[in-house]
Structure formats: C-alpha cells, structure tokens
Amino acid sequence: MPEGRALQFWQSTIHAPADQLLGLARHAEDLGFEGAMGPDHTVWWGSDIASKYPYNDTGSIWWPEEAHWPDPWVSTAAMAAVTTRLRFGHHVFILPLRDPVNVAKAIATTSAIAGGRVVLGFGVGWMKEEFDLVGQRFDQRWQADR
C-alpha cells in the first residue's frame, strides 16, 4: 500500500431490498466504511435469460431470481441524503442501456445531493436481452455514435 494511504472498505448493497438501503448506508458510515456500491441492471427475468454470464466458467448466473435491482441513481441519492461522509458508486453502471444525456442529468443531480460523493464506473454490459428490452443495439453497445 502506498505510504499515507489507508486500506478502504466499501459496502456492497447488491440485492438488498430497497427499504433496507438507507439503514444499510447509515450503518456502513457509522462503522467507518469509505463507501457503498450498488448493482446495475434494468430488470431481471430469471430463467428466461439465454445470455451466458461471462464472469465464471459455467456461464451460470449466481444470484436468485427474486434478487432486487433498485434504480441506481434514485437509491444513491436517497442513501446520500441520510449520510454525510459515505461515498457512492456502482458495480459498473451499464451506460449503453440508456440515453447518455438523461444519465448525465441523473448523475449530476445525484452528485449535487451527495455533495460530490459519487464515484463513476461505466461498462458496456453482457446481457443481450436487457438491450432488446430497452430498444438498444447490443452489437453496437461500445460505439459512441450508435
């Protein structure tokens, strides 16, 4: 670890029910966590997904069908409103699923509510069905001019 840098702990909020997020954020802050990170998917259909999960050898999804996927920016703004120091990010926000202008507005608003405590991490996604649902082209998800 570089000199002068302390190890930082971040609390994952993945699949926590929305009604538990505020308490979870307050508790993480009270315990001295650096931040909280939540997941991003627009929806989840469970067993109807044909896309293979790319981050394990089997391609199997590891979470249960009843897992929660709250809106990342609404939940972040709410958690920021009940904390003072905790920083917030996502386990990679899937930007190509959405209109980038409205995403920029949501992030700017969330950052204002959070007092600048928002950390960004964008990805291109892996689940074709999710792109089909929102009318975005999966095969062009990495292109800026799509």
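Within segment 28-36, is even one residue at pLDDT below 95 and at positive phi? Spell out how you get there, then give the answer.
Residues of segment 28-36 that are at pLDDT below 95, as a first pass: none.
Scanning segment 28-36, I find no residue that is at pLDDT below 95 and at positive phi, so the answer is no.
Under 6 Å between Cβ atoms, which residue pairs at least 6 apart in sequence (or on different chains) link something in segment 58-70 that is without any contact (Cβ under 8 Å) to a residue 24 or more places away in the chain and at positive phi with a partner that is among the aromatic types (Phe, Trp, Tyr) and assigned to a loop (DSSP other than H, G, I, E, B)?
Pairs found: GLY59/TYR53.
Quick check on my filter: what residues within segment 116-133 are in contact (Cβ under 8 Å) with a residue 40 or more places away in the chain, in a helix (DSSP H, G or I) and open to solvent by 30 Å² or more (accessible area, probe 1.4 Å)?
Once the filter is applied, which keeps residues that are in contact (Cβ under 8 Å) with a residue 40 or more places away in the chain, in a helix (DSSP H, G or I) and open to solvent by 30 Å² or more (accessible area, probe 1.4 Å), segment 116-133 yields LYS128, GLU129, LEU133.
Conditions tested, residue by residue: (1) at pLDDT below 90; (2) aromatic (Phe, Trp, Tyr).
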| site | (1), (2) |
| --- | --- |
| SER47 | yes, no |
| TRP73 | no, yes |
| ALA77 | no, no |
| ALA106 | no, no |
| ARG117 | no, no |
| MET127 | no, no |
| PHE131 | no, yes |
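Could you say whether any residue in segment 75-89 is without any contact (Cβ under 8 Å) to a residue 40 or more places away in the chain, under 20 Å from VAL43 (Cβ atoms) and touching a Phe, Trp or Tyr at 6+ places or on another chain (Cβ under 6 Å)?
No: segment 75-89 contains no residue that is without any contact (Cβ under 8 Å) to a residue 40 or more places away in the chain, under 20 Å from VAL43 (Cβ atoms) and touching a Phe, Trp or Tyr at 6+ places or on another chain (Cβ under 6 Å).
On the given criteria, is ILE107 open to solvent by less than 50 Å² (accessible area, probe 1.4 Å) and over 17 Å from SER12 (Cα atoms)? Don't jump to the end; show me each part of the working.
Working: open to solvent by less than 50 Å² (accessible area, probe 1.4 Å): yes; over 17 Å from SER12 (Cα atoms): yes.
Yes: the conditions hold for ILE107.
The values are calculated or read from the model by the stated rules, or taken from the named source; none is laboratory data. Quantities reported herein were computed from a predicted structural model and do not represent experimental measurements. As a convention, Cβ positions derive from the backbone with ideal geometry for all residues, glycine included, and neighbour counts pool all protein chains shown. Each accessible area value is taken on the protein alone, full model and side chains, heavy atoms only, with ligands, DNA and RNA left out. Shrake-Rupley method; radii C 1.70, N 1.55, O 1.52, S 1.80 Å.
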